[in-house]
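J.: I'd like to ask you about the structure that follows.
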Amino acid sequence: GGPAPVVASRMDRFLGALPAFWKQLESPTGVLRALVEVTSRILSDVPNVRITLYAVDLWLRSVVELDPDRAPIIYYFGQGKTQLQVVGNKTGAEAPIFPNLQCFPLITKHSAALAIQVRSRLLGVIQVSYVSGGSGVGGGSGSNSNVANSLTSPGAPKILAKQLKEQGLQEAQTESLTDSAVGYLRAVCNFSASMLVQIERSQGQQLLNDRLLSAMDLVVEISKAKNLQDFEQRLRQHLMELFNVTSVRILWFDVDRRCLLASAWVLRQEPIVHSLEKGVVGMVARRQQVLHIPSISKNAIVDVVADGIQRPGGKYISGQASMLLGPLLAEVPVTRGGGSNGSDNNSKSGNANVNGNTNNSSSNTNHNDDDDLGATSAKPAGLASDSSPDGDGNNASTTTTSAATASASKARKPSPAESYRLMGVVQLLERRNRNSKTAALGFQLPGASEFSQEDQNLFQQLLRGCANAAFKTWKMEEVKAQHAGTPSSLSRLLGGK
């Protein structure tokens, strides 16, 4: 006979299958398909192999392409808290052989389960199983059994025994995964996990860029407002879409009356007056810092009326809803007398730091917060996190975290010719559960209603542009009212009588 056929080694099959990953570099589904293809080629000498792929990570489960004609196959672990979704062909899918998600790699006589993970983050699991006794690549177990019987027969020649050993017995030994095969599979799983993480980061950056562009469009859009009521409508609509919340409130600061005014729900009615001593909105106005409250039911300062917990008609917002608030601090020119346009002159430098303290003290919280209202020459406020304050409101992130302080310290300091004037407070209420694809990219977890750190940073940056647009609209309204000889009070500009 002719020369014996050259059988590719497992290393050759591994290197030859790797280019399958380059087909769809930007698609998580393409990476998973390539993983299955490479795995099947590595184990091409193992008969009756069945490969099942499970997506465990939230992001991965949300971005894989599903068969529209078939319902997804989902297995539950940990009392139903963890979901495993079968990816790819569901016809030959098998139930998981592993008892939990901490046992990888799991190697048994006829199966193996390997983790697709990066560090401690488990993205998915690939399960390989094979059944003895059928036909498969390399002749199957039936031919291997014949080979073994011929070798053990007493009349078998030595030369025949040697040839059968080289050609047949090696195939019979492939019915169990060797350490070499497991090593190649682990390398492929790690490579796939790294590619998936890179795709996730790329998608997350693209989503962040899209949100930044939407934020810029928002500022441009509200700058076209003709009056304060038009400004409110535009800002409310865009913020609801951008942050996916059910309610947005804008409360205006009345310098003369030292209170917050909210537009009435009915046209031509007087705005609703809220004291600066009531609720979280009052505290944000006094301290002039962004505040995030993960759960309104766990915060003692929340006021049902001032913070808008009760909707029109008597329905209340869920106690598990979150709240994100921030001050509108507009950059306004300082007059020759040392004050700023439309504000008192008693504001002192340093009164509006992130902790709301005077003389750069991090422990004194008993100063007069009213001195920070109107206009101040201090830098804009930073981020603060809710820390379950007491009933007096003296411990609501009195000392902000180091990250918040660092964020505020990097804020641009005002020039000697400008100051910051408090225009009002913007409040985002009751965040909706985003779809899992957007949520898993780091902006919000589905099933949770908290604002992510990315949301808080974007909100803080957005407040600056909104405050300047609000100040411009306010001044235009005042000038129009003066030329028309009509009252230019804030209450009148908001639609009151």
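The values are calculated or read from the model by the stated rules, or taken from the named source; none is laboratory data. Keep in mind the model is a prediction, meaning the values are calculated, not measured. Every residue, glycine as well, gets a Cβ built from its backbone with ideal geometry; the counts of neighbours run over all protein chains shown. Protein only, heavy atoms only, side chains kept; ligands, DNA and RNA dropped before computing areas. Shrake-Rupley method; radii C 1.70, N 1.55, O 1.52, S 1.80 Å.
J.: With the checklist (1) at pLDDT below 90; (2) more than 31 Å from the chain's Cα centre (by Cα); (3) surrounded by fewer than 20 Cβ atoms within 10 Å (Cβ to Cβ) in hand, flag the one item T174 doesn't pass.
T.: (3) is the only condition that T174 fails.
J.: Would you point out the residue of the range 24-82, among those that are of a type in the set (G, A, S) and without any contact (Cβ under 8 Å) to a residue 40 or more places away in the chain, that is nearest to Q203 (Cα to Cα)?
T.: G30
Condition check ((1) open to solvent by 50 Å² or more (accessible area, probe 1.4 Å); (2) modelled with pLDDT of 85 or more; (3) part of a loop (DSSP other than H, G, I, E, B); (4) in contact with a Ser or Thr (Cβ under 7 Å, 6 or more places away or on another chain)) across all residues:
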position: V46; (1), (2), (3), (4): no, no, yes, yes
position: S62; (1), (2), (3), (4): no, yes, no, yes
position: E65; (1), (2), (3), (4): yes, no, yes, yes
position: R70; (1), (2), (3), (4): yes, no, yes, no
position: L84; (1), (2), (3), (4): no, yes, no, no
position: T91; (1), (2), (3), (4): yes, no, yes, no
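J.: Can you confirm whether E166 is closer than 30 Å to L114 by Cβ, more than 23 Å from the chain's Cα centre (by Cα) and either modelled with pLDDT of 75 or more or of a type in the set (D, E) (or both)?
T.: no
J.: Still on this structure, I have one more. Take the residues of the range 292-327 that are in contact with a Pro (Cβ under 8 Å, 6 or more places away or on another chain) and surrounded by fewer than 23 Cβ atoms within 10 Å (Cβ to Cβ): which is nearest to T246 (Cα to Cα)?
T.: Once the filter is applied, the top-ranked residue is S322.
J.: Taking into account only those residues within the range 430-466 that are closer than 22 Å to Q198 by Cβ and at pLDDT 60 or above, which is surrounded by the fewest Cβ atoms within 10 Å (Cβ to Cβ)?
T.: Q453
J.: Is it true that A8 is assigned to a loop (DSSP other than H, G, I, E, B) and either among the small types (G, A, S) or within 25 Å of T178 (Cβ to Cβ) (or both)?
T.: Taking the combined requirement at face value, the residue satisfies it.
J.: Would you check which residues across the range 232-248 are open to solvent by less than 40 Å² (accessible area, probe 1.4 Å) and not in a loop (DSSP other than H, G, I, E, B) and list them?
T.: E232, L235, L239, L242, F243, V245, S247, V248
J.: For the range 252-266, state whether one or more residues are within 23 Å of A321 (Cα to Cα) and open to solvent by 50 Å² or more (accessible area, probe 1.4 Å).
T.: yes
The rows are residues; the columns are (1) of a type outside the set (G, A, S); (2) open to solvent by 20 Å² or more (accessible area, probe 1.4 Å); (3) within 27 Å of D455 (Cβ to Cβ).
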| residue | (1), (2), (3) |
| --- | --- |
| G183 | no, yes, no |
| M195 | yes, yes, no |
| E200 | yes, yes, yes |
| Q206 | yes, yes, yes |
| L212 | yes, yes, yes |
| A215 | no, no, yes |
| V220 | yes, yes, yes |
| A225 | no, no, yes |
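Each row is one residue, and each column tells you yes or no for (1) outside any helix (DSSP H, G or I); (2) acidic (D, E).
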| position | (1), (2) |
| --- | --- |
| L196 | no, no |
| I199 | no, no |
| L208 | no, no |
| R211 | no, no |
| D230 | no, yes |
| I250 | yes, no |
| F253 | yes, no |
